Amino acid sequence: MWNNSSPFLQGIRQPLSNEIIADKLRIEGTVPPGLEGVLFRTGSNQRWEPARPDRYHWFDGDGMVHGFYISNGAVSYRNKWVRTEGFKEEEAAGRSLYNGIYGSYEVAQPQLEQGPATVKQVANVNVVEIDGRVLALQEAGRHYYELDRNTLETIGTFDFHGAIDAPVTAHIHTDAAKNEILLYTVEPETRRFVCALADRQGNILKQHVVTLDAPAYIHDFMFTENHFVFFFGPINWHPESSDRVPAGKSAWTFDPKLSNRTLVVHRQTGATQWFTDEAYQTTHFVNAYEEDGKIIVDGCVSDLQFVDDIKVENFFPFPFPDAGRSPFTPPALYRWTLDLDAGQMTRARVGNFSVEFPRINEKLLGAKHQYGYFAGVHQPKSDSHDFNCLIKHDFISGKTEYQTLEGDRDVSPAEPIFVAKPDAVSEDDGWLLVVWWDPQTNKSELVIHDASDFTGAPLARVKLDHHIPLGFHGNWIP
């Protein structure tokens, strides 16, 4: 039995120990006609006991992809670890060989036969489709991992047809209006930052190179009809440095001199414009669009609440739930307004809730949206730190709705994924596919909600006989 002293090896984040195939899952309610395809989700699922279980962090676990296959009103399920290079090395050794880049493990990695180990790719952040390929994504990796759509077997890698040889984002975005994929790569040690446009087949169409002022950490970004928008905070990182993670040091450093810097890059010309603000860290974004000569960005922000005892050289920005106060506040929803002509940026908080994992009807990415969907916290009924509700926010009226599923007790949702109905007539005319976890039974279920009747009863609840650890991201692929 593992030493599960890390809270990230317990409860909603406890790893599954095996790969499962389940056909004809039990369904309460009815899967709506027209919902045909696969919901792919991924997250952290540590395969071997970490070298320092007490220092293990949730973000470092091996990627496990979960597939819900929906056809003719029936649902089947399977999961499988992504067979990255590091995963296969540890599988052959029968034990953990690598430190993670998010936890400060404070022990040195062993040297492998092929030479000193650096960092393990875990492919645990996202699952997307490019050119008919199902791909598992991870930040800090130089390629993605291709999966068989039906079996989830790892069948190869994908690097945009040889055009990418740098750590590439795990948050690519698709502009449905222009039929383009947007992405970036960043090499922290050289500070070379590249934002790129690709076609839907993954062929790079255009690249713009920017030299950053620091080895800045960035996780997500947004775009508008004409621009990329990137936010850099006071956190720096060094994921490929051979003298940090392999030596047991944190990949992170904190620079108290750095404020937030927002970079706008023109999609066609590459022209840049910088904006500065007080220090905070952005995580995920809802959307961005252009209106009246300004750029509007909605996203999740964690404000910096103290700097007095931050470890500058061995900074750990993602604290353990029981490890005391975080230097950052819980994520909250904000709206930025960037006036390109005046060179000014303002931000204002939206609502009084704590939210993460934002999604919208992604046909509107880069264009004006009305609704956002989130996993959040609202009037908790326990002392848990986990999400306890879904939130739908109307950015035009200001109305906020909450969906708690059980009502009288806390159950925890993952990221809500919006799927438009085939004959949709409005922005929220669709379904939300959400994996919920019940702490009483330690089991999960896929719940299908009517996005336009957000607080109503679910349309269908697809039952599993096991739990799915709280994951990160996923997508619906018809």
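From (1) modelled with pLDDT of 95 or more; (2) under 27 Å from Glu362 (Cβ atoms), pick out the condition that doesn't hold for Asp213.
Unmet condition: (2).
Considering the range 2-30 alone, what residues qualify as being in a loop (DSSP other than H, G, I, E, B) and at positive phi? Give the steps one after another, and end with the answer.
Narrowing the range 2-30 to residues in a loop (DSSP other than H, G, I, E, B): 2-6, 10, 14-20, 23-26, 30.
Of everything in the range 2-30, just one residue is in a loop (DSSP other than H, G, I, E, B) and at positive phi, namely Lys24.
With the condition kept exactly as written, say whether any residue in the range 237-254 is under 26 Å from Asp175 (Cα atoms) and in contact with a Ser or Thr (Cβ under 9 Å, 6 or more places away or on another chain).
Looking through the range 237-254, none of the residues is under 26 Å from Asp175 (Cα atoms) and in contact with a Ser or Thr (Cβ under 9 Å, 6 or more places away or on another chain).
Working only within the range 194-219, note down all residues that are crowded, with 19+ Cβ neighbours inside 10 Å and under 21 Å from Val301 (Cβ atoms).
Leu212, Ala216, Tyr217, Ile218
Please pick out the residue among Gly376, Gly366 that is assigned to a strand (DSSP E or B) and either hydrophobic (A, V, I, L, M, F, W, C) or surrounded by 15 or more Cβ atoms within 10 Å (Cβ to Cβ) (or both).
On the way: Gly366 fails: assigned to a strand (DSSP E or B).
The unique qualifying residue is Gly376.
Of (1) surrounded by fewer than 17 Cβ atoms within 10 Å (Cβ to Cβ); (2) modelled with pLDDT under 90; (3) in contact with a Pro (Cβ under 8 Å, 6 or more places away or on another chain), Ser6 satisfies all except one. Which?
Just one mismatch for Ser6, condition (1).
Within the range 72-83, identify whether any single residue is surrounded by fewer than 18 Cβ atoms within 10 Å (Cβ to Cβ), within 30 Å of Ile27 (Cβ to Cβ) and touching a Phe, Trp or Tyr at 6+ places or on another chain (Cβ under 7 Å), and answer yes or no. Before the answer, list the steps.
Of the residues in the range 72-83, the ones surrounded by fewer than 18 Cβ atoms within 10 Å (Cβ to Cβ) are 72-74, 76, 78.
Add one more test, that the residue is within 30 Å of Ile27 (Cβ to Cβ), and what stays is 72-74, 76, 78.
Narrowing the set further to residues that are touching a Phe, Trp or Tyr at 6+ places or on another chain (Cβ under 7 Å) leaves 76.
Scanning the range 72-83 turns up at least one residue that is surrounded by fewer than 18 Cβ atoms within 10 Å (Cβ to Cβ), within 30 Å of Ile27 (Cβ to Cβ) and touching a Phe, Trp or Tyr at 6+ places or on another chain (Cβ under 7 Å).
Any idea which of (1) within 28 Å of Arg349 (Cα to Cα); (2) surrounded by fewer than 23 Cβ atoms within 10 Å (Cβ to Cβ); (3) of a type in the set (Gly, Ala, Ser) is the one Ala457 doesn't satisfy?
All conditions pass for Ala457, except number (1).
Please determine, by comparing only the residues of the range 113-122 that are more than 14 Å from Asp243 (Cβ to Cβ) and surrounded by 14 or more Cβ atoms within 10 Å (Cβ to Cβ), which one is modelled with the highest pLDDT. Spell out the reasoning first.
Here is the first cut: in the range 113-122, the ones more than 14 Å from Asp243 (Cβ to Cβ) are 113-115, 120-122.
Among the residues that remain, those that are also surrounded by 14 or more Cβ atoms within 10 Å (Cβ to Cβ) are: 120-122.
Values: Lys120: 89, Gln121: 91, Val122: 95.
By that ranking, first place goes to Val122.
Looking at this structure, is Arg52 among the basic types (Lys, Arg), surrounded by fewer than 20 Cβ atoms within 10 Å (Cβ to Cβ) and farther than 23 Å from Ala170 by Cα?
In short, yes.
Can you tell me which residue within the range 404-432, out of those that are in contact with a strand residue (DSSP E or B) (Cβ under 8 Å, 6 or more places away or on another chain) and aliphatic (A, V, I, L, M), is farthest from Ile391 (Cα to Cα)?
Looking at the filtered set, the residue picked out is Ala424.
Write out, first by first residue and then by second, each pair whose Cβ atoms fall under 8 Å of each other, whose residues are 6+ apart or on separate chains, and whose first residue, in the range 409-431, is more than 16 Å from Ile468 (Cα to Cα) and part of a loop (DSSP other than H, G, I, E, B) while the second is small (Gly, Ala, Ser) and modelled with pLDDT under 95.
Arg409/Ser382; Asp410/Ser382; Asp410/Ser384
Please specify each residue of the range 338-359 satisfying the condition of being touching a residue at least 40 places away in the same chain (Cβ under 8 Å), small (Gly, Ala, Ser) and touching a Ser or Thr at 6+ places or on another chain (Cβ under 9 Å).
Gly351
Listed residues Trp476, Trp436; which is among the aromatic types (Phe, Trp, Tyr), touching a residue at least 40 places away in the same chain (Cβ under 8 Å) and assigned to a strand (DSSP E or B)? Walk me through how you get there before you give the answer.
Values: Trp436 fails: touching a residue at least 40 places away in the same chain (Cβ under 8 Å).
That would be Trp476, the only listed residue that is among the aromatic types (Phe, Trp, Tyr), touching a residue at least 40 places away in the same chain (Cβ under 8 Å) and assigned to a strand (DSSP E or B).
Which one is surrounded by the fewest Cβ atoms within 10 Å (Cβ to Cβ) among residues in the range 277-292 that are at pLDDT 95 or above and farther than 25 Å from Ala375 by Cβ? If you could, list the steps in order and put the result at the bottom.
Just the residues of the range 277-292 that are at pLDDT 95 or above, to begin with: 277, 284-292.
Applying the additional criterion that residues be farther than 25 Å from Ala375 by Cβ yields 277, 290-292.
Details: Asp277: 15, Glu290: 17, Glu291: 10, Asp292: 7.
Taking the candidates together, the pick is Asp292.
Please give the number of the condition Arg47 fails out of (1) part of a loop (DSSP other than H, G, I, E, B); (2) farther than 30 Å from Gln10 by Cβ.
Single failed check for Arg47: (2).
Of all residues in the range 337-354, which are surrounded by 14 or more Cβ atoms within 10 Å (Cβ to Cβ), part of a strand (DSSP E or B) and modelled with pLDDT of 95 or more?
Of all residues in the range 337-354, those surrounded by 14 or more Cβ atoms within 10 Å (Cβ to Cβ) come to 337-340, 345, 347, 350-351, 353-354.
Filter again for part of a strand (DSSP E or B), leaving 337-339, 345, 347, 350-351, 353-354.
The answer is Thr337, Leu338, Asp339, Met345, Arg347, Val350.
Which condition number does Met64 fail, the rest of (1) closer than 20 Å to Arg13 by Cα; (2) part of a loop (DSSP other than H, G, I, E, B) being met?
All conditions are met except number (2).
Please specify each residue of the range 157-176 satisfying the condition of being of a type in the set (Val, Ile, Thr) and over 18 Å from His473 (Cα atoms).
As a first pass, look at the range 157-176 and keep what is of a type in the set (Val, Ile, Thr): 157, 164, 168-169, 172, 174.
Hits for the range 157-176 are Thr157, Ile164.
Restricting to the range 248-297, what's the tally of residues that are farther than 25 Å from Ala332 by Cα, assigned to a strand (DSSP E or B) and touching a residue at least 60 places away in the same chain (Cβ under 8 Å)? Walk me through it before giving the result.
Here is the first cut: in the range 248-297, the ones farther than 25 Å from Ala332 by Cα are 248-251, 265-273, 292-293.
Narrowing the set further to residues that are assigned to a strand (DSSP E or B) leaves 265-266, 272-273.
Filter once more, so that each one left must be touching a residue at least 60 places away in the same chain (Cβ under 8 Å): 265, 272-273.
Result for the range 248-297: 3.
Can you name every residue in the range 315-333 that is at pLDDT 55 or above and out of contact with any Phe, Trp or Tyr (no Cβ under 9 Å at 6 or more places or on another chain)?
Scanning the range 315-333 gives Pro330, Pro331.
Anything in the range 24-33 that is touching a Lys or Arg at 6+ places or on another chain (Cβ under 9 Å) and surrounded by fewer than 13 Cβ atoms within 10 Å (Cβ to Cβ)? List them, or say none.
As a first pass, look at the range 24-33 and keep what is touching a Lys or Arg at 6+ places or on another chain (Cβ under 9 Å): 25-29, 32.
Matches in the range 24-33: Arg26, Glu28.
Which condition from (1) in contact with a strand residue (DSSP E or B) (Cβ under 6 Å, 6 or more places away or on another chain); (2) of a type outside the set (S, T, N, Q); (3) touching a residue at least 24 places away in the same chain (Cβ under 8 Å) is the one that Ile396 breaks?
The failed condition is (1).
The values are calculated or read from the model by the stated rules, or taken from the named source; none is laboratory data. These numbers come from a predicted model, not from an experiment. Counting neighbours? That spans all protein chains shown, and the Cβs are built from the backbone with ideal geometry, glycine included.
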